[in-house]
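The values are calculated or read from the model by the stated rules, or taken from the named source; none is laboratory data. None of the values given here were measured: they were computed from a predicted structure. No Cβ is skipped: glycine too gets one built from the backbone with ideal geometry, and neighbour counts run over all protein chains shown. Heads up: the accessible areas ignore ligands, DNA and RNA and are worked out on the full protein's heavy atoms, side chains in. Shrake-Rupley method; radii C 1.70, N 1.55, O 1.52, S 1.80 Å.
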4 protein chains.
Amino acid sequence: MKKVAIIGASGYSGEELVGLLLAHPQVELVAVTSRQNAGQTLAQVFPRFANHPLAKTLLFSEPSAERLAGQAEIVFLALPHGVAAEYAAPLLKLGCRVIDLSADFRLRSAELYKDFYGREHPAPELLRQAVYGLSEIHRAAIKDARLVASPGCYPTSILLPIIPLSRAGLVKSTGIIADSLSGVSGAGRKAELDYLFVECNESVRPYAVPKHRHLSEIEQELSLAAGEQVTIQFTPHLIPVNRGILTTLYLAPEQHFGDAKSMQELAAKISDCYLNAYGQEPFVRLLDEKTLPDTKNVVGTNVIEIAWRLDGRTGRLVVMSAEDNLVKGASGQAVQSMNIMCGFSETTGLL
Amino acid sequence: MKKVAIIGASGYSGEELVGLLLAHPQVELVAVTSRQNAGQTLAQVFPRFANHPLAKTLLFSEPSAERLAGQAEIVFLALPHGVAAEYAAPLLKLGCRVIDLSADFRLRSAELYKDFYGREHPAPELLRQAVYGLSEIHRAAIKDARLVASPGCYPTSILLPIIPLSRAGLVKSTGIIADSLSGVSGAGRKAELDYLFVECNESVRPYAVPKHRHLSEIEQELSLAAGEQVTIQFTPHLIPVNRGILTTLYLAPEQHFGDAKSMQELAAKISDCYLNAYGQEPFVRLLDEKTLPDTKNVVGTNVIEIAWRLDGRTGRLVVMSAEDNLVKGASGQAVQSMNIMCGFSETTGLL
Amino acid sequence: MKKVAIIGASGYSGEELVGLLLAHPQVELVAVTSRQNAGQTLAQVFPRFANHPLAKTLLFSEPSAERLAGQAEIVFLALPHGVAAEYAAPLLKLGCRVIDLSADFRLRSAELYKDFYGREHPAPELLRQAVYGLSEIHRAAIKDARLVASPGCYPTSILLPIIPLSRAGLVKSTGIIADSLSGVSGAGRKAELDYLFVECNESVRPYAVPKHRHLSEIEQELSLAAGEQVTIQFTPHLIPVNRGILTTLYLAPEQHFGDAKSMQELAAKISDCYLNAYGQEPFVRLLDEKTLPDTKNVVGTNVIEIAWRLDGRTGRLVVMSAEDNLVKGASGQAVQSMNIMCGFSETTGLL
Amino acid sequence: MKKVAIIGASGYSGEELVGLLLAHPQVELVAVTSRQNAGQTLAQVFPRFANHPLAKTLLFSEPSAERLAGQAEIVFLALPHGVAAEYAAPLLKLGCRVIDLSADFRLRSAELYKDFYGREHPAPELLRQAVYGLSEIHRAAIKDARLVASPGCYPTSILLPIIPLSRAGLVKSTGIIADSLSGVSGAGRKAELDYLFVECNESVRPYAVPKHRHLSEIEQELSLAAGEQVTIQFTPHLIPVNRGILTTLYLAPEQHFGDAKSMQELAAKISDCYLNAYGQEPFVRLLDEKTLPDTKNVVGTNVIEIAWRLDGRTGRLVVMSAEDNLVKGASGQAVQSMNIMCGFSETTGLL
């Protein structure tokens, strides 16, 4: 049993992570921290877990890198960006492996971080060793990583569908548009008027147009895949569901398809490309030509659904994905990374 | 008091129309028809209107063009496409003016109708005289129309934001993408599994990708505005709200804006364009640079909200709109057309 | 045109009241106050009203009894309890008539206030002159009132169904149980974790069991109607809708109904009782024996629906009501009181 | 690995049961039947399970007792009442053990069945051998049962809180009121207008007042516990959540509690009673005096939450419970029964 801990376990991602780790057969959750809940039991903070054997003995504590390093081999950080870095550095120094769910270590460039997050990066020296924790793409690097930067929820829903196409040279790197719809848990557990039930229910709205912070990591990873600098258009929307992200991507195929035959050829290439990339992936579900993604089929699971359609009228490729923002988009893929790092079967605790 | 009637008043648009006409100070609702509800009072079919003076005396009847033509000067058709045309022809012959909320008379071309609706047009000879009832765009023609084809809900949310820009030559006619999110009432009051509460709640999904029927009227009207054939990309999504459409449009400005100055110039042109087009329109709300559309601010009203952002990173113009699919997207704008046709103040019964 | 003002117009009831008064044909809304929004226009605070003629000229101001008394004849207080009393006293002294939507003047006894609200009453000398603004019950007294205490949302849904039965001696004053379900707007526009979308959506929960504050006014009014001290059981629940209260009442008929005949007789008496009390009331909808209340049929209206069933198995009378907590349960009935006070037709601006 | 099958696996309870059995470590799901889905794979019918190893090989088949009896030792019936009995008889004859989720075998009396279900019982001879599958109450009898009648969702939420109090003589058998709120999945996957998203969202309504069918099994089991005939009042309400039942019970303690001391004594007895009954039960969560049930804390789990309050003002005991209607109220407790029948640990596959 590998010993693991979570710093900042009181948000929605943190709660989801607690649930996954409690149910995981090969790890023991030895510590959870939360400034606001320190001293309370797991059962008090999360009634949902109150029947778990640990619920009345596992106490939330004040976060302390020193103490946690003495207790756990792997430490998850489920903290706001900017705060996570403060804990990562000492934990790494003390020998822990760290899986950070914040944005702090996702970018390779401290300048880019400053541009998008509006502050100096708190630990730029760690950026080089951090591995972007998109398991299906960076599995080998994750295996030996000391510091994994788990991807954002929107980026996951955008990168997994595009990267194989991009690597295969099937789509252009220019003109990419990502239109995403997110459930309200994506905003975190914050007491703000904007996220009150009455303000979100029976409401649909775009936000952070046109420069959402997640653009930085999306473009970094797309550029890596394409071998050239990629700039995309991204519009997030808030919709009244608890969980789920639905992303619609507008892509331009490299190959023109002016008639039925060339369209069929291109379709075959795209189909092969996805099958090669994800046919054996346990957490990617490639939908058939009659099915479109629906968040209700992935919520509560670590699966991302992907479907695509060629549009003969416009010459575009439309790709759609659905995921649970708190699982595949956050805690689930963090556990997937942990499984890889520890040599466990990658699906352990996630099916 | 102008006498009006509704054929097919039992769906969601029909119910909304009943409400608007009951509250309208210059018309009298003299007949409502519905095959399934014939013989029942308004109060029985729609408890919501049960306290209205007419609620216990106005009976739903079987639809009959002859009888209705004897009772009403203006007849609204809130019927499925294909069925509306059956009633329009005799009603027009009998001297009624007709406002059709279905898709039957929105296209100028019977061939296009067949391509998108999969059947021969039932009354092609009427297509020439029908006026597309987008009040802000075709006000003059609506005034004298005998047959108004009230626009679809998605088209309204797409056309009103684009047409002024297109007419002014500010955006290209190519590469337009419309990504729309609609509440479930848009699917109509139909007992189908797909629209059950449990299937829609906590679900988000695209549908009808890539060739939704509304594309035909959208492209027809955009082509008219641009003076050339326009083909667009359109992706509708179903989201768990009762009402509301949020549309995000991706447009390419004709003018390149590579630096702050050219961006400012273009922004000024766009702002002027919208002010000229809609500054005096009572039902178009142009949002300022700090505000984005939110369906909750338009639901239950005949207003469409429009906001836009230039993206210096991608060179695109992103325009967003919000409307109530049952009001501005259907019954409200049908009443707006009626007001124009009757010489009433255009906002009567709609504010 | 009667001049009216609202102190504390930024909450949900306040917003609803603004909407009703803007649309009211016989009043002019001359001032709205809000500490947090002072200096902003109506359009900025409530985008929903942005197309109203006053939207850009009516500015939110800091609350000041002196200034408002110079502007308006009638002042609505939409403030938290405890705060409303501070404004009521000077406004009354300066000659205004006051309609208070808070709980401050609903009780006749300052001791009872202290027992339920946990603090000394801030203006006990005003309790004697306040009239409990349940229009259907206290219409005559409201007409000449200087200070109307508009009832709470739960009390309205409980009192209107019970009082006629109680006055007619048809039900016992003992053993009454009221089980109520309320939409989240009932909790107010407060940035608290408990009312976040994610905490309320897909959640149902009782709260304030067993001693909710509204019990005090409910029991006061039921005691008045019964002519004896009444104590009831009341359980409020929070459910994931924006608006609406559904109340189920369990009552013991005075008359035993052991067989079909006595049951029929009692049913006739109850039916007559309700018809006498509410048959002519524009805002009470008595449902027939095949229909049960549904909040969706009253939301956005000032109507309360009432249905009842005798249960031959248990000997009980079950009465159910549905209302919009922000309209009939708050702002709508406050406007109804205003109409009575001003001699307007009672339904003006409310149908 | 015990081989199990499900007849009627296409409804909401059936889908939940499929999920639980697929994840259960000690059973193998060898057959699922559904008239409408026969020939389709599990992956096609339930995309949610599409990544399970069986998803593409397990085909839905036409129901056939003979064939299933050759494949499985335990057969679950997730069919409408009236239909389940048709399969139970041959399956039992062929040696299978049967767990029926319908109402067909819950009553001991065929007359009572006819009174509440409006038809002759289809297999009255089986009623004597059926065991009511409320695990916490009838564990011993379930162990050896050939035919388990799994309780209804409402009954579970009502019986588990009352039975211990009733057995201990702490509450009266008369005057019991149960007020319940259910999510829409309780109505089943039926294409009916009443359960459309738009009809349920932003709606709250009682139904089946005053004689819901579940009363029959509730009263049967309460009578057994009390040792005398019990008649209760029960009001179900439909609320806009997918899952969850919240029940509020109004009970009269046998012992009067007029002062603080007697109230404390009674509270201690109730507390002890529940601890004795459920202190060791893995699926009953007794909440402390500061916490009230919330469906969001039990949805997706087999747990029922119970809280209670003595009301010194009214002399009543209010007990509240929350459960997931599809898990503890249906498929979860059916699996719990199976675990008992098979000698597995009772929590296997349910934690």
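Numbers at a glance
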read-out	value
Dipole magnitude of the range B:120-171 about its Cα centre (Cβ charges: Lys, Arg +1; Asp, Glu -1), debye to nearest 20	180 debye
Ranked by how many other beta carbons lie within 10 Å on average, peptides C:128-137, C:142-151, A:185-194 from highest	C:142-151, C:128-137, A:185-194
Whole-angstrom gap from the range C:76-104 to the range C:161-233, using each part's C-alpha centre	24 Å
Taking only Cα atoms of the protein assembly as shown, radius of gyration then Dmax in Å	32.1, 89
Interface burial for D against C (accessible surface, 1.4 Å probe, total of both chains, Å², rounded to 100)	3800 Å²
Heavy-atom surface of chain D, accessible at 1.4 Å and reported per residue (Å²)	35 Å²
Distances in nm from C:Lys290 to the matching label points in the other copies, shortest first (labels 7 Å along Cα to Cβ)	4.0, 5.3, 5.5
Unit charges at the beta carbon, dipole of chain C: most positive-side option, C:Pro155, C:Thr57, C:Gly19	C:Thr57
Shortest-first nm distances, C:Thr348 label point to equivalent points in other copies (7 Å, Cα→Cβ)	2.3, 7.6, 7.6
Chain D pair-distance distribution - Cα-Cα, 10 Å bins, rounded %	5, 25, 34, 24, 9, 2, 0
Antiparallel %, DSSP beta bridges [both residues in the range C:1-146], to 5	5 percent
Fraction of beta bridges assigned by DSSP in chain D that are antiparallel (%, nearest 5)	45 percent
Positive-end residue of A:Leu79, A:Leu91, A:Leu112, charge dipole of the range A:77-122 with Cβ unit charges	A:Leu91
Reach of A:Lys3 by Cα under 19 Å, taken over lysines that are not fewer than 8 positions away in the same chain	A:Lys56, A:Lys93, A:Lys143
Protein accessible area in the protein assembly as shown, 1.4 Å probe - carbon and sulfur %	49 percent
Per-residue mean of C-beta atoms belonging to partner chains within 10 Å, peptide C:111-124	0
Cβ-placed point charges (K, R +1; D, E -1), dipole of chain D about Cα centre in debye, nearest 20	400 debye
Solvent-accessible surface (1.4 angstrom probe) belonging to C:Lys211, in square angstrom, nearest 10	90 Å²
Average other protein chain Cβ within 10 Å of Cβ, residues B:244-254	3
Label geometry 7 Å along the beta-carbon vector: A:Lys261 inter-copy distances in nm	5.3, 9.3, 10.1
Computed over the range D:200-268: relative contact order in percent, which uses C-alpha pairs under 8 Å that are six or more apart	35 percent
Per-residue HN-Hα couplings for the range C:326-339 [Karplus 6.51, -1.76, 1.60; θ = phi - 60°; Hz; x = Gly/Pro]	8, 9, 4, x, 7, 6, x, 6, 5, 5, 4, 4, 4, 4
Phi-based couplings in Hz for the range D:306-313 (Karplus 6.51, -1.76, 1.60; Gly and Pro marked x)	10, 9, 8, 9, 8, 10, x, 6
Per-residue mean of C-beta atoms belonging to partner chains within 10 Å, peptide C:168-177	2
Calculated SAXS-style log₁₀ I(q)/I(0) at q = 0.14, 0.20 Å⁻¹ - the range D:99-241, Debye, Cα scatterers	-0.73, -1.29
Whole-Å semi-axes of the ellipsoid equivalent to the range B:208-351 (Cα gyration tensor, √5λ, descending)	27, 20, 17
Antiparallel bridge percentage (DSSP; both residues within the range B:84-237; nearest 5)	10 percent
Vicinal HN-Hα couplings computed from phi for the range C:23-30 (Karplus, 6.51 cos²θ - 1.76 cosθ + 1.60; Hz; Gly/Pro x)	8, 6, x, 10, 10, 10, 7, 9
Rh by Kirkwood over Cα pairs, then Stokes-Einstein D for the range B:266-307 at 1.567 mPa s and 4 °C, µm²/s	118 µm²/s
Total formal charge among the other residues, if their Cβ is under 13 angstrom from that of A:Ile7, Lys/Arg +1 and Asp/Glu -1	-3
Residue-averaged 222 nm ellipticity for chain C, from DSSP H runs of 4+ at -39500 (n - 2.57), nearest 500	-9500 deg cm²/dmol
Percent of alpha-carbon pairs separated by more than 20 Å within the range D:275-351	38 percent
Among D:Val230, D:Val184, D:Val209: highest mean-square fluctuation, GNM of chain D, C-alpha pairs under 10 Å	D:Val209
Residue among A:Ala187, A:Ser173, A:Ile142 farthest towards the positive dipole end of the range A:127-187, charges placed on Cβ	A:Ile142
18 Å tail of the calculated P(r), the range C:169-228, as % of Cα pairs	51 percent
GNM result for chain A, Cα springs below 10 Å: residue of A:Thr291, A:Thr235, A:Thr41 fluctuating most strongly	A:Thr291
Point-charge dipole on Cβ atoms (K/R +1, D/E -1) for the range A:152-212, about Cα centre, debye to 20	360 debye
Residues of the range D:27-48 buried by at least 20 Å² on assembly (accessible area, 1.4 Å probe, chain alone as reference)	D:Pro47, D:Arg48
